[in-house]
Each structure stands twice: as structure tokens, then as C-alpha cells.
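Down below is the structure, laid out as C-alpha cells.
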Amino acid sequence: MNILKLLKPKAVIAYIYDDCTVRQAIEKMRNHGFTAVPVINRKGEYVKTLAEGDFLYFMLDKGIMDIKGLEHYSVGQITRRVRNDPVYIYSTIEDLILLSMNQNFVPVIDDRNIFIGIVTRKDILQYCYNTIKENSAFAAAEKAADNSPVALQSEGY
């Protein structure tokens, strides 16, 4: 299966640039209701994914107590605690499944490391569920066909 079928393109998702302020990033995440967001540079290359905890640890480490203090720092200065690896556009569904066990979404990049979108864990699980359901229905149909009177007669029963 081609992972493009599961891709949410960059044009329809929220992301932040590594040179925006920490305050801008937090406000964008809050407005969209996200717990993590991809970070790209101005060339469009995927840099990292930052989660709520990364922002919290940054504030604690810097001793920042209010939102105004975050205006003096860029997102590029935040260290990520958890690695959120991307996949290439030609990766397999198996690659997505493995990464989605530890990530809410999987960033997707092209051969030039340009960020093109994400695949969410929800979409991966939906794909797996649909595949299992289709395979179960196919197996049930095959079994029913094998046990039909016509099939049994042709086997000499």
C-alpha cells in the first residue's frame, strides 16, 4: 500500500517554523488543540517534533513563569525529549505502524528532507482495522464457498 493514501498534506495541518517564538508556537498549539506539532525550517525541511512536555521542561529550565517571557526565545532553542522520526514518502505501511506505536503522528518527508505532511496514528489504526475486517470477510466467504453443497459434491462427498 502507498502511504500517500493516508497522508494529511502540509497544506491542511498546523506546523511551526524553527525561528518562530516559543510563545507563538504554544499559542498555535493551544488554538488547534494539539499536544505535539512538527517543526520545519524556512527551506521546508523537517527539523523535529515538539510536544507539550518539551515546552514545559524548557520553561522550567529557563525559570520562565509567564507567557511574555517566551517571546525572547525561538522554537529552535527547545530541546526535544522524545525523538519523533519521520518516514520517507516511499516508506511502507509497516514502517508507519512501527513508528506510530510511540508517536501520535508520523511526519513524512521527501528525498530532499522536505516536510510534506503527516500520517496520524488514528488513520493508521483505521487502515489496519479495515484490512483485518476485509480479510476476515474474505476468509468467511471462502469458507462458506468451501462448505457449499456444490463444492462438497464436486469433492465427492
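What shape does the stretch 1-82 take by its C-alpha gyration tensor, where a ≥ b ≥ c are the square roots of the eigenvalues and a/c under 1.5 counts as rounded, a/b above b/c as prolate, and the rest as oblate? Since a/c reaches 1.5 and a/b is larger than b/c, the shape of the stretch 1-82 is classed as prolate. Legend: distances between Cα atoms for 48/68; 43/68; 10/43; 28/68; pairs beyond 21 Å are 48/68; 43/68.
Full extension of the segment from residue 137 to residue 79, taken as 0.36 nm per residue of separation minus the current Cα-Cα distance, would add 16.2 nm. Largest GNM mean-square fluctuation across 84, 102, 31, computed for the chain with C-alpha springs under 10 Å, falls on 31. Apply the a/c threshold of 1.5 to the C-alpha gyration tensor of the stretch 95-141 and tell me whether it is rounded, prolate or oblate. Here the stretch 95-141 falls in the prolate category. Just check the stretch 3-154 against the gyration tensor rule for me: Cα atoms, a ≥ b ≥ c as the square roots of the eigenvalues, rounded for a/c under 1.5, and otherwise prolate or oblate depending on whether a/b exceeds b/c. Taking the square roots of the gyration eigenvalues as a ≥ b ≥ c, the stretch 3-154 is prolate.
Report the paramagnetic label zone for residue 60: residues of the stretch 66-94 whose backbone N is under 15 Å from a point 7 Å from Cα along the Cα-to-Cβ axis. Under 15 Å, as judged by backbone N against the label point of residue 60, lie 79-82 of the stretch 66-94. Distance from the alpha carbon centroid of the stretch 65-99 to that of the stretch 6-47 works out to 9 angstrom. Its relative contact order, with pairs defined as Cα atoms under 8 Å and 6+ residues apart, puts the chain at 25 percent. What you get for the stretch 3-154, charging only the Cβ of Lys and Arg (+1) and of Asp and Glu (-1), is a dipole of about 360 debye around the Cα centre.
Each reported figure results from applying straightforward, stated rules to the coordinates on display, with no laboratory input. Here the structure is a predicted model, which means the values were calculated and not measured. Glycine gets a Cβ as well: all are built from the backbone with ideal geometry, and neighbour counts include every protein chain shown.
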